[in-house]
1. Determine whether GLY137 is surrounded by fewer than 14 Cβ atoms within 10 Å (Cβ to Cβ), modelled with pLDDT of 85 or more and either touching a strand residue (DSSP E or B) at 6+ places or on another chain (Cβ under 7 Å) or not in a strand (DSSP E or B) (or both).
2. Could you say which residue among VAL8, VAL78 is of a type in the set (Val, Ile, Thr), closer than 14 Å to THR95 by Cα and touching a Leu at 6+ places or on another chain (Cβ under 8 Å)?
3. So which residues in the stretch 38-67 are within 22 Å of LEU141 (Cβ to Cβ), in contact with a strand residue (DSSP E or B) (Cβ under 7 Å, 6 or more places away or on another chain) and surrounded by 15 or more Cβ atoms within 10 Å (Cβ to Cβ), if there are any at all?
4. Pull up the stretch 19-60, narrow it to residues that are free of Cβ contacts under 8 Å to residues at least 24 places away in the same chain and in a helix (DSSP H, G or I), then point me to the one that is farthest from GLU97 (Cα to Cα).
5. Of all the residues that make up the stretch 107-123, how many are of a type in the set (A, V, I, L, M, F, W, C) and at pLDDT 60 or above?
6. State yes or no: is THR63 within 21 Å of GLY151 (Cβ to Cβ) and in contact with a Ser or Thr (Cβ under 7 Å, 6 or more places away or on another chain)?
7. Take the residues in the stretch 4-37 that are hydrophobic (A, V, I, L, M, F, W, C) and loosely packed, with under 15 Cβ neighbours inside 10 Å, then tell me which one is farthest from GLN77 (Cα to Cα).
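The values are calculated or read from the model by the stated rules, or taken from the named source; none is laboratory data. None of these values were measured; they are calculated from a predicted model. Counting neighbours? That spans all protein chains shown, and the Cβs are built from the backbone with ideal geometry, glycine included.
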Amino acid sequence: MRLKDSIVINASPNKVWKYVGSPDRWGLFHAKVDGCELISGQGGRLGSVYTIGFRMGAKTTPTRCEIVDMQPGAMIQVRSTDVDPSQPGASATLTYELDDLGSRTRVRERVEFFVPGVNVVFRVIIWLISRFGRPQGETTLGKLKRMAEEG
């Protein structure tokens, strides 16, 4: 299952990258991130491994994540393969891509979940809810926009 969102921010890519360029800063704007700790490697670099707490309802689940692809200033991709211990083979990938629009930046967020055994009907229902449902409160990219524009 793949969820996508994008937003245009009235700030330079360098300013936006300061927020999205390393998972240890995602808790500042990401609605589901509740804490991040560097486990190995130098932070904010390809191969760096983190434990990131992801909130699902009232519960926070610590998840081991690794930066698997990165183009500094333009793209970061983090993958977790221990999303759900009860679902062997389940994984999640979170990607932020930045497009330079001069004095503005387009940020694209993509979340991909792979959970073996989840039927197609359930996947369609989740997609419909994510596509047409109304989020409660400020969205992740909305908060990122506000923070980057306010400085």
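1. On the way: surrounded by fewer than 14 Cβ atoms within 10 Å (Cβ to Cβ): yes; modelled with pLDDT of 85 or more: no; either touching a strand residue (DSSP E or B) at 6+ places or on another chain (Cβ under 7 Å) or not in a strand (DSSP E or B) (or both): yes.
Considered against the rule, which asks whether it is surrounded by fewer than 14 Cβ atoms within 10 Å (Cβ to Cβ), modelled with pLDDT of 85 or more and either touching a strand residue (DSSP E or B) at 6+ places or on another chain (Cβ under 7 Å) or not in a strand (DSSP E or B) (or both), GLY137 comes out as no.
2. Going through VAL8, VAL78 in turn, the sole match is VAL78.
3. Of the stretch 38-67, the ones within 22 Å of LEU141 (Cβ to Cβ) are 44, 50, 52-57, 60, 63, 65, 67.
This time we only want the ones that are in contact with a strand residue (DSSP E or B) (Cβ under 7 Å, 6 or more places away or on another chain), so: 50, 52-55, 60, 63, 65, 67.
TYR50, ILE52, GLY53, PHE54, THR60, THR63, CYS65, ILE67, listed by residue number.
4. GLY27
5. Let us first name the residues in the stretch 107-123 that are of a type in the set (A, V, I, L, M, F, W, C), namely 107, 111, 113-115, 118, 120-122.
Among the residues that remain, those that are also at pLDDT 60 or above are: 107, 111, 113-115.
Counting residues in the stretch 107-123 that are of a type in the set (A, V, I, L, M, F, W, C) and at pLDDT 60 or above gives 5.
6. Against the criterion (within 21 Å of GLY151 (Cβ to Cβ) and in contact with a Ser or Thr (Cβ under 7 Å, 6 or more places away or on another chain)), THR63 does not qualify.
7. Applying the filter and picking the extreme gives VAL8.
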